[in-house]
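Take a look at the structure set out below.
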Amino acid sequence: MNLTLLRFFSNEFRKRRKKAALITFALFWGSLSILLLLAFGQGMSAQFRISFSGLGQDLIMISGGQTSKLYQGLPKGRRIRLYPDDIQYLKERIPEISLIAPESYNNWPVSANRKEINRTIHGTTAEFAHMRTQIPQMGGRFLNTADVKNGRKVAFIGWKVGTDLFGTENPVGQKIVINRIPFTVIGVLKKKLQDSMYQGPDADQIYLPYSAFTQIDSQLHIDRIHIQPRETKLSPLIEERVETLLGKKNRFDPTDRYALSIWNTIENAKEAGAIFKGIEVFLGIMGALTLLIGAVGVTNLMYAIIRERKQEIGIKMALGAKRRVIIQQFILETLFIFLKGTFWGLVTAFNIIHLVRLVPINYDGFGIEGYLLRPVFSFETFIIFLVIVGTLVFISGIFPAVRASRLNPIDSLRYE
Amino acid sequence: MIKFNKIKKIYHMGTQSLEALSGVSLQIAAGEFVTVMGPSGSGKSTLMNIIGCLDTPTDGEYFLEGKNVAGLTFDQLASIRNKMMGFVFQNFNLLPYATAWENIELPMLFNGKNARNRKERITELLNEVGLLKWKEHRPSELSGGQQQRIALARALANDPPIILADAPTGNLDSKSGVEIIELLSRLWKKGHTIIMVTHDDRLASHSQRIIHLFDGREAD
Ligand SMILES: Nc1ncnc2c1ncn2[C@@H]1O[C@H](COP(=O)(O)OP(=O)(O)OP(=O)(O)O)[C@@H](O)[C@H]1O
Ligand SMILES: [Mg+2]
């Protein structure tokens, strides 16, 4: 379109923009709510994903169960246990496994600094860290392969264990005594959101090399095997092969659903992810409806503008304006009005989101604020917003514009 | 150039209908200066609007340069108004928010003339009507006579062959009125076809031919 014509339109628009003030506010309000709802919705699912991976990412967890089927003359109701050599056995036979780690645990008294507390003590290997998001705070580390190989007396502790025993002191390098054997703390777990667990949150746990754990605890079997597949889509296949292999080795019917208990976070995450996506879409629609109120206001305003400008439209038609020119002018004015309101909505939403993100999260008492305080202003949010606004500009502008372009020039000119 | 064959225009208002033109047949050749006269309500404006393709007849045929205008689309008619017709109205009909310059520029914007040609043409036209100094003024800052001269300049923007002036002096004092008629005569001498409505016999005397309308019919 011609630039001079554009300037012409904008001059005409500027003379009457005061009329648009209330509607500008409605658009501001609508775009603010749409953006905030989208950002909080997205933040919620993101936080959910983080806290879900607080337990572990793409994880299959296997523990022993009780048989419910006969197997080679053996009765039902037998207890099935897992053993340390199952780890090597499965690793060698299932190449789809990326990481595998054993875990055993028991409650033991732990003392340090003349304080004594009871905590769950776990024995595991280095791979556990990657699967169960055990990220150490600065200056510490998780158990490594050498610790496990040599049965070193070292411990990795949750952050709450650290404060319970040492207060504000740095626990790394300090001694703790578990079942009368001294261990050196080598790392403290970094704070994280965690929404699923089986022995309380990781903040309260203590991890030892598996080889050291067997020295304080006489239990022969292991409580759980953690497996991470090479690709998430391999997880059903791995589950099936674990059942077959362990059935043969530990003697149970592989189709017996109760012989092993398998917890697959991948499948769970998929379901929960879909629910959160649903919530996001719902919030987006709510926001769009709010903006729709503003859009209806714009349509009304444009119809009023047609009445007011009947004569001008007639003059333009007499001078040879085609329908397209009239339509363009009305659509552009609709766009101007929208731009003003939505621009300030955008700026305000951006700042609110930014400020909310500065509020710290309390990781100890796990509450709803962990989900609410991290709204995300993503590029995706912005694009969705633009698409919604664009659509609304079009539908709220096109009807008045077409009506204006269909005026009869003579009727418009007779208007006094 | 213009040929009317039994043109009728009927206005419907609710249950009533009013015959503003009841079968007018006429011809106007290129380069003529014609005045349309008649009492108020006799259908002069209706006739002008149909000639200018601002309105369409209820019945009859209108040939413009030999082509039947009936059945043309809105945009085709818009193009005819833009290129072939220059309108001057009794109440000026300038755009209130645009300057004199911009008012004259508008018809050229609608036919896509480039910026340099526009500028040249507007300057030339403002000179011709003697208002170059007033180019940045809005209609409300101009006298009636000045406004009508700007309107005339605007009508000439795309150098249309036909000038339609519906009571151009109706809202002007006699001196300004005479100025406008003199401008129209000059245009006629340059070859434009002029069709003018007036109630004033003295002004009509500038033209070559007078069409008298009475009750929607040509009176002789
Ligand atoms: N849009 C319309 N709707 C209804 N009636 C109309 C319309 N336009 C004109 N008329 C009627 O048609 C008749 C002719 O009107 P027109 O405007 O052509 O008269 P005129 O000769 O120009 O009069 P004047 O000298 O007062 O300008 C009048 O009776 C008028 O009321
Ligand atoms: Mg009239």
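Quick notes on this one:
- Accessible area per residue for the protein assembly as shown, computed on protein heavy atoms with a 1.4 Å probe, is 47 Å².
- For the range A:397-416 and the range A:21-74, distance of Cα centres in Å: 52 Å
- With all protein chains in place and ligands, DNA and RNA left out, the 1.4 Å accessible area ranks A:307, A:81 as A:307, A:81, largest first.
- Inter-label distance for residue A:169 and residue B:10, nm, one decimal - labels placed 7 Å from Cα along Cα-to-Cβ: 10.8 nm
- Helix B:74-84 vs. chain B, principal-axis angle (Cα, 0 to 90°, nearest 10): 60 degrees
- Magnitude of the charge dipole, the range B:84-193, Cβ model with Lys/Arg +1 and Asp/Glu -1, debye to 20: 300 debye
- Degrees, to the nearest 10: A:235-250 long Cα axis against longest axis of chain A: 10 degrees
- Of the residues A:344, A:330, A:376, the one whose Cα sits farthest towards the positive end of the charge dipole of the range A:309-397 is A:330 (charges of +1 on Lys and Arg Cβ, -1 on Asp and Glu Cβ, taken about the Cα centre).
- The amide H of residue A:106, built 1.01 Å from its N in the peptide plane, has A:121 as neighbours under 5 Å, considering only residues 5 or more places off or on other chains.
- Between the range B:192-220 and the range A:296-359, the C-alpha centres lie 46 angstrom from each other.
- A Förster radius of 35 Å, combined with the Cβ-Cβ distance separating residue A:19 from residue A:270, puts the computed FRET efficiency at roughly 0.10.
- Exposure rank, largest accessible area first [B:97, A:258, A:210; 1.4 Å]: A:258, B:97, A:210
- For trypsin sites (Lys or Arg not before Pro), the sites in the range B:177-220 that DSSP calls loop and that have at most 16 other Cβ atoms within 10 Å are B:190.
- Neighbouring partner chain Cβ atoms per residue of A:310-318, average, 10 Å criterion: 6
- Placing unit charges on the Cβ atoms only, positive for Lys and Arg and negative for Asp and Glu, gives the protein assembly as shown a dipole magnitude near 880 debye about its Cα centre.
- Simple spin-label estimate for residue B:91 and residue B:220 in nanometres, 7 Å along Cα-Cβ: 3.7 nm
- In Å², nearest 10: area of residue A:226 left accessible to a 1.4 Å probe: 0 Å²
- Paired Rg and Dmax values of the protein assembly as shown, which use every Cα atom, in angstrom: 43.4, 132
- The slack in the chain from residue A:4 to residue A:355, taken as 0.36 nm per residue of separation less the alpha-carbon distance, amounts to 122.1 nm.
- Using the Karplus relation 6.51 cos²θ - 1.76 cosθ + 1.60 with θ = phi - 60°, the per-residue 3J(HN,Hα) values for the range A:108-119 come to 9, x, 10, 9, 6, 6, 6, 10, 10, 9, 9, 9 Hz, with x marking Gly and Pro.
- Solvent-accessible area of the protein assembly as shown (1.4 angstrom probe, protein heavy atoms only): carbon and sulfur portion equals 56 percent.
- Using θ = phi - 60° and Karplus 6.51 cos²θ - 1.76 cosθ + 1.60, couplings along the range B:47-64 (whole Hz; Gly, Pro as x): 4, 4, 5, 6, 4, x, 6, 8, 9, 10, x, 6, 8, x, 10, 10, 9, 10
- Inter-chain Cβ neighbour count for B:109-116, averaged per residue, equals 4 (cutoff 10 Å, partner chain atoms only).
- In the range B:45-88, comparing the full protein assembly with the chain on its own, the residues that lose 10 Å² or more of accessible surface at a 1.4 Å probe are B:49, B:54, B:55, B:74, B:75, B:78, B:79, B:81, B:82, B:87.
- For residue B:134, the solvent-accessible surface with a 1.4 Å probe is about 80 Å², rounded to the nearest 10.
- The average projected area of the range A:19-163, computed from the convex hull of its Cα atoms over all directions, is 17.8 nm².
- For the set A:211, B:22, B:143, B:40, solvent exposure ranked by accessible area (probe 1.4 Å, protein chains only) runs largest to smallest as B:40, B:143, A:211, B:22.
- Centre separation in Å (Cα based) which lies between the range A:160-228 and the range B:57-85: 92 Å
- On full extension, the segment bounded by residue A:199 and residue A:72 gains 42.2 nm, given 0.36 nm per residue less the C-alpha separation.
- Rounded tilt (10° steps) of A:21-55 against the dominant C-alpha axis of chain A: 10 degrees
- Protein accessible surface hidden between A and B, which excludes ligands and nucleic acids, total in Å², probe 1.4 Å: 2500 Å²
- Karplus-derived 3J(HN,Hα) values for the range A:282-294, using 6.51 cos²θ - 1.76 cosθ + 1.60 with θ = phi - 60°, are 4, 4, x, 5, 4, x, 4, 5, 4, 5, 4, 4, x Hz; glycine and proline are entered as x.
- For the range B:2-218, the dipole from Cβ point charges (+1 on Lys and Arg, -1 on Asp and Glu) about the Cα centre works out to 460 debye, to the nearest 20.
The values are calculated or read from the model by the stated rules, or taken from the named source; none is laboratory data. Fair warning: this is a prediction, and the values are worked out from it, not measured in the lab. Positions of Cβ are generated from backbone atoms using ideal geometry, with glycine treated the same way; all protein chains shown enter the neighbour counts. Protein only, heavy atoms only, side chains kept; ligands, DNA and RNA dropped before computing areas. Shrake-Rupley method; radii C 1.70, N 1.55, O 1.52, S 1.80 Å.
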